[in-house]
1. Rounded, prolate or oblate for the stretch 1-84? Axes are the square roots of the Cα gyration tensor eigenvalues, ordered a ≥ b ≥ c, and the cut-off for rounded is a/c under 1.5.
2. Compute the longest continuous run of the chain that contains no exposed GluC sites (Glu not before Pro); treat a site as exposed when its DSSP state is not H, G, I, E or B and it has at most 15 other Cβ atoms within 10 Å.
3. What helices in the chain pass both tests, a Cα length along the helix axis of 15 Å or more and a mean Kyte hydropathy of 1.0 or higher, using whole DSSP H runs?
4. Once you have all Cα-Cα distances for the stretch 1-153, histogram them in 10 Å bins from zero and send the whole-percent values.
5. Could you line up D72, D63, D100 from fewest to most neighbouring Cβ atoms inside 10 Å?
6. Which lysines have a Cα less than 26 Å from the Cα of K135, not counting those fewer than 8 places away in the same chain?
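Read-outs throughout are calculated quantities, based only on the coordinates presented, and are distinct from any laboratory measurement. Small disclaimer: the values here were computed from a predicted structure and weren't measured. As a convention, Cβ positions derive from the backbone with ideal geometry for all residues, glycine included, and neighbour counts pool all protein chains shown.
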Amino acid sequence: MVKQVIDGKAYNTDTARCLVTVDLVGYRIDERGRFVTDSPTKVGTSSLYETRGGAYFLVRDYDPEGAHANPDMVGQLTVNHPGVTPLRRKEALAWAVSRDIGKIEEMFGKGAEAGDQTGAILLRVPQTLKLAIEKSAAVAGVSTNTWLMRCVERAIASERDERQS
């Protein structure tokens, strides 16, 4: 279990959903700090998580005393250190794409294709629900529209799964 508070927000692997775990490659280091191998080998793992609120974070798990891990590239962000790194949705998607993860749509939903038209729906909700939605979107680091679209996509996918079962 990894639990870390960053900027007042808790990131907990026990309560978040692990979307994917991949091998973290690098070089093993001996007690004097010298590389033990000539070619990169597995030194740990990188795991992408999604919190219940829809926020993403990356957990790099390796022993920095015994290994030098290659960085994770997250768009323009380079992650070198072990531990938790909060990510925005675009960064999490960029990381998954850079790792050639095969289940992108399963993890992030179907993306819009070039030329897709958008539509608008007016949804009236009680003020207390509106405030809760805005707070959840802020915690997830996304716009209210993006947060609501994700909720609807998940509900539709869940309904589809239930019908198939």
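1. prolate
2. So the longest stretch without any such site is 114-165.
3. The qualifying helices: there are none.
4. Once binned at 10 Å, the Cα pair distances of the stretch 1-153 give 10, 33, 31, 16, 7, 2, 0.
5. Ordered from fewest to most neighbouring Cβ atoms within 10 Å, D72, D63, D100 come out as D100, D63, D72.
6. K3, K9, K90, K110
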